[in-house]
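No value in this document is a laboratory result; all are computed from the given coordinates. Computed from a predicted structure; not experimentally measured. All Cβ positions, glycine included, derive from the backbone under ideal geometry; neighbour counts span all protein chains shown.
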Amino acid sequence: MIQKLKLLLALLAATIFFNITIFVHADDKIDSVIDQIQIISQDLKTLEKAVYKKSDIVRSTNSSSLNEDVLAKHLLKLNDIEEQFRSLTNKFEEINFRIDKLSKRVTKIQSDTQLRISDLESGNLEKSGKKKLAKKKEKPLAGTSKAQDFGATPGYSTSNLPKEQAVTSVDSVGTVITEEAERDSLLPDRPPKEQYEFAINFMKIGDYETAEFALKEFIEKNKGHDLAGSAQYWYGETFRIRQLYSDAASAYLDGYQNYPKSKKAPDNLLKLGITMVQLGEKDQGCVMIAGIKKQYPKASKSVLQKAQYEQKKFNCKKS
């Protein structure tokens, strides 16, 4: 292609020279020759630009500048993808936060319905008791205005009554011994991993009270197991979901102190900080949330992004 363009340039130069020799002695046609020369020079410039552009493209394919341009484009695309991913993670965290709120409302509704059902049942019992008492009161009693047979023997004897009433002394009550009712084991007689999954299933179905007892039993029986730290974290979650924040904070604190190298240790510290803020200890909770990145730099991206989100949500001061 480049050789063809060079041949065209040579032919154009020859035509220019030919036209100049023909019209050099013609005074009346000098202006037209000049115009043609200008047009041909412009054409030459455009052809030269096209030739140099194509040669530059061929050269740049093997140069590093083109590779740098391609890398720059890819980096821009990656930055766009990262920004989209960040926005999606923020939306995901907001959805999780709303789901937590909804679960709390559902647990409240469940507890309210149970209380109302128990109140209704107790009200029915009271009504039945009042009906029985009313039936007993309908029977004729002595001293009423109804006609009675005074000749009939009463149901009690008035003779041989003692002159003084005997008083019996009551000894002091000794120490009352109370024993807690022994509760049956909730966990099956299986390996620790199956026991852990059995306890977590109560969390999945929303039975947080049973999950609390099952996870506590698992922790007591398997303190040295790898899953004990995760069980301690979910044990704290059973309280947090039911809005028992003081119990949740103590459970998270035990997990932070006893299982600092657990898989759930970063989540444990994050939830401890959030719970402390909810209990009114904002400064202490913000310090714990900010310390996740320092203590657990290799934590998952979701946990680190959640910590940043909570810092912004609680308006934590930057240390």
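Computed from label points 7 Å out along Cα-Cβ, the spacing between D189 and R105 is 4.7 nm. Add +1 for every Lys or Arg and -1 for every Asp or Glu among the other residues with Cβ under 12 Å from the Cβ of Y233, and state the total. Neighbour charge sum, excluding Y233 itself: +1.
Shown is the FRET efficiency for I81 and L279, computed with R0 = 30 Å from the Cβ-Cβ distance and rounded to the nearest 0.05: 0.15.
Highest mean packing first, where packing is the average number of other Cβ atoms within 10 Å per residue, the peptides 237-243, 299-305, 207-213 line up as 237-243, 207-213, 299-305. Each Lys or Arg adds one and each Asp or Glu subtracts one; over the other residues with Cβ under 11 Å from the Cβ of N201, this totals -2. From least to most packed, judged by other beta carbons within 10 angstrom and beginning with the fewest, Y235, Y196 follow the order Y196, Y235.
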